[in-house]
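Working notes, structure below.
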Amino acid sequence: MFEQLSDRLTATFEKLQGRARVTDADLDEALRDVRVALLEADVNFKIVRQLVATVRERAIGEKVLESITGAQTVVKIVHDALVEMLGGEAVPLATADKPPLVIALVGLQGSGKTTTVAKLANVLRKQGHHPLLVAADVHRPAAVDQLQSLGKSLGVPVRTVSAERVADDVAAAIKGATAEGRDTVIVDTAGRLHVDAAMMQEVEAIIRSAAPQEVLLAVDAMTGQDAVEAASAFKARLPITGLVLTKVDSDARGGAALSIRAATGVPVKFLGTSERLDGLEVFHPDRLAARILGMGDILTLVERAQEHVDEKEAEAQARKLLEARFTFDDFYKQLQQVKKMGPIGDLLKMMPGMGGLAKQLPDPQQAERQMTTIEAIISSMTMQERRDPAILNGSRRKRIANGSGVTVSEVNALLKQFKEMQNLMKQFGAMAKRGKLPKLPGMPF
Amino acid sequence: MSIDAGLAKTRGSFLSRLFGRAADRPVTPEWLDALEETLLRSDISVSLVDSVMLQVRDVVADRKAETVPKVLAAVREALVAVLEPGERALIAGTGTPRVILVVGVNGSGKTTTAAKLAKRLRDAGETPLLAAADTFRAAAIEQLEIWAKRVEVPIVSGTPDGDPAAVVFDAVQAGIARGNTTVIADTAGRLHTKGHLMDELSKIVKVAGRARAGAPDEVLLVLDGTTGQNAIIQARQFTETAQVTGIVITKLDGTAKGGAVFAIADELKLPVKFLGVGEKAEDLVPMDPRAFVNALLPANG
Ligand SMILES: Nc1nc2c(ncn2[C@@H]2O[C@H](COP(=O)(O)OP(=O)(O)O)[C@@H](O)[C@H]2O)c(=O)[nH]1
Ligand SMILES: [Mg+2]
């Protein structure tokens, strides 16, 4: 999400760092670039102005113009200012003194509230909680159906409310939750504009009677300059406790999150990272600042790997790989695991120093597509063929090509690649045995 | 965007000559800053804003325009000129039924826009048919079915998790059989960054052409008016995949101005055809560049 911003800033800093000494003009130019980069990333114009002014002031205060390390100092000043804007540590979800914990989702139309409700329920359910969902969006056609269908797929109950008594019915659902063995209640509300007086009154009434510990504002990551105005208006009327930044899997540059945090002080708590119900991540401001500045986010990567990769399986596969006993079947399993971790491009960007590599790859989307092709080819092979590709004669190859909707030459290419990889691994394995290869630390695959 | 050209257009205006003197507020540096803020705040891309401001400062320095009303009018004309080109009416199409695909990212307002458009056409005496081809999002089909009932337009629905291209195909076939004038197909929200979903969209486009040669006639990209600079990237990607023919900007009943669309019109030469201004069936209005610019840059600047 934040890559373009990070690219722009990196380029600016590189230019600056190429100078022996930072002149007045250099500083001006760098700050002009910073301004454009932030505006292109949808950072609110007022905040951009403030940030640029702060950086200039500090730069002059730290005498960067006279110092030999002036460039580095400017970089550090911008970095610190960004981190300040994003907030420090992750802010955990509130807890209830007495169950149930009540969470309400509010926000503009189409910001992703309903999906987020289901994703939160999924996270909490996995942590051993027993959530109850309340479908209080009585305005958008089929919004209730949507939540009911999501609840069904999660195995989480959903209460509906009557359009005439939304606030009362929500309160009643919360009241009955404990007796039904539910320790968390998540309330979905209708999307509304902050300038719609009647709708803002409605949500005020809901929040008053639901008395949630957590009122989360869902914000589309692609939002532009309006983000601050809308969020501030919601904050003025409701006790907003956190933001959920949704659709982060777009290539939006994320300035809205930065701006809202800076303008309202409300912390970002979660990121929505896919349409799937497991696409919700805890937000780590400190890690994000590092990602913006191209330092990678190895922590998130390791966490994702731990969540999705079976360690024993990974170890067994690594051993097989080095002993060249690695088959197409193992390969297939590995593809499945990598896929669970998210798009390849994202994974690469999270690895420190890999941001550049991700860019060199022809195109992460293409890599993703290639992966799908490989998967299709392997799944058209019989078990026997997967274990022993040597038996793949012309007619078998043709059958596989037909089955997976590719050409025979694509099948041939994959077989050739696989063979080359096996050979390479054989050599690696031999070297490892002789103790020539250091153990790769913490590599999940 | 040319301020000079904008200036030329306003110079001869009878009204500006008449009222020009009364409002001879001189341009001050503070006013220029405020103008820049107004433009940036509306999500006009920073490169366009910078280019406008550079020209404005030149024009002021060269004493070609020194008063607020004159500069403002020139900027407005320049902005209008960006949005003017292109055909803003719906494309008539090369066959019957005309096929309109509604595409865009998640939550931008596609389903609502499809329904609003159906109502517009019906009110204009056409016999539209809706196609619920968002088979992915939970209850998306029900949502359009409720709308279809509301606007009294028939609908062909897919099945949850079914093939969206097949729904479009069936709807166009049904439209041919029943003599509908237009088929409006609602599609699932997809982020332009998701290769497989964009592939699915290009398949939908292809299959529409198989159902009726030359279809789709119109591919409307629905952009959320609150979207910032990402709107330009969305427009680029969707145009590449699905040959977008027009833009609809929604949610302009809030405080967002939808200024990202200037860069889209400028770069991709895509006309903005409709604006979404509310959640009711009648809240879809044809784009009027002048009114759009006036909303963004009010008279007193
Ligand atoms: N205020 C306002 N809301 C809109 C407008 N167009 C759509 N919406 C709302 O935005 C939300 C998402 O719309 P929907 O049509 O379901 O989006 P889709 O996911 O793109 O199909 C719904 O709550 C709509 O009522 C508009 O012009 N103004
Ligand atoms: Mg929809």
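Structural remarks
- Principal axis dimensions, largest first and in whole angstrom, of the stretch B:98-244 by Cα: 40, 30, 28
- Burial of 40 Å² or greater, the stretch A:143-157 residues [accessible area, probe 1.4 Å, versus chain by itself]: A:146
- Each residue of the stretch A:185-197 was assigned a 3J(HN,Hα) from its phi angle through the Karplus curve 6.51 cos²θ - 1.76 cosθ + 1.60 (θ = phi - 60°); the sequence is 10, 10, 9, 8, 10, 5, x, 8, 8, 5, 9, 8, 4 Hz, with glycine and proline shown as x.
- Remark: accessible area buried at the B-A interface is about 3400 Å², both chains counted, probe radius 1.4 Å.
- Per residue, the accessible area of the stretch B:98-244 comes to 33 Å², computed with a 1.4 Å probe over protein heavy atoms only.
- Counting heavy atoms of the protein chains alone, residue A:237 has an accessible area of about 90 Å² for a 1.4 Å probe.
- Of the whole protein surface, residue B:31 contributes about 20 Å² of accessible area at a 1.4 Å probe radius.
- The heavy atoms of residue A:139 present about 90 square angstrom of accessible area, all protein chains included, probe 1.4 Å.
- Near residue A:184, the amide H atoms lying under 5 Å from its own belong to A:101, A:130, A:132; only residues 5 or more places off or on other chains count, and H is placed 1.01 Å from N.
- Sequence-distant contacts, meaning Cα pairs under 8 Å at least 6 residues apart, place the relative contact order of the stretch B:98-244 at 35 percent.
- Distance violations [Cα-Cα > 25 Å] among A:416/B:203; B:70/B:273; A:46/A:235; A:113/B:251; A:398/A:419; B:257/B:280: A:416/B:203; B:70/B:273
- For peptide A:214-226, the mean count of partner chain Cβ atoms within 10 Å of a residue's Cβ comes to 6.
- Debye, to nearest 20: dipole size of the stretch B:98-244, +1 on Lys, Arg Cβ, -1 on Asp, Glu Cβ: 220
- Counting protein heavy atoms only, the stretch A:101-295 has 52 percent of its accessible area on carbon and sulfur, 1.4 angstrom probe.
- The residues A:284, A:129, B:192, sorted by heavy-atom accessible surface at 1.4 Å with ligands and nucleic acids left out, run A:129, A:284, B:192 from largest to smallest.
- Secondary-structure-derived ellipticity at 222 nm for chain B, considering helices only, amounts to -15000 deg cm²/dmol, per-run term -39500 (n - 2.57) for DSSP H runs with n ≥ 4.
- Accessible heavy-atom area order of B:287, A:421, highest first, probe of 1.4 Å: A:421, B:287
- For residue A:246, nonlocal amide neighbours, meaning residues 5 or more places apart or on other chains whose placed amide H falls under 5 Å from its own, are A:219, A:220, A:221, A:272.
- Protection-proxy order for peptides A:154-165, B:246-257, each taking the mean of Cβ atoms within 10 Å per residue, highest first: B:246-257, A:154-165
- Centroid-to-centroid separation of the stretch B:32-81 and the stretch A:149-178 [C-alpha atoms, Å]: 52
The values are calculated or read from the model by the stated rules, or taken from the named source; none is laboratory data. Model, not experiment: these values are computed from the prediction. Virtual Cβ from ideal backbone geometry, glycine too; neighbours counted across all protein chains shown. Each accessible area value is taken on the protein alone, full model and side chains, heavy atoms only, with ligands, DNA and RNA left out. Shrake-Rupley method; radii C 1.70, N 1.55, O 1.52, S 1.80 Å.
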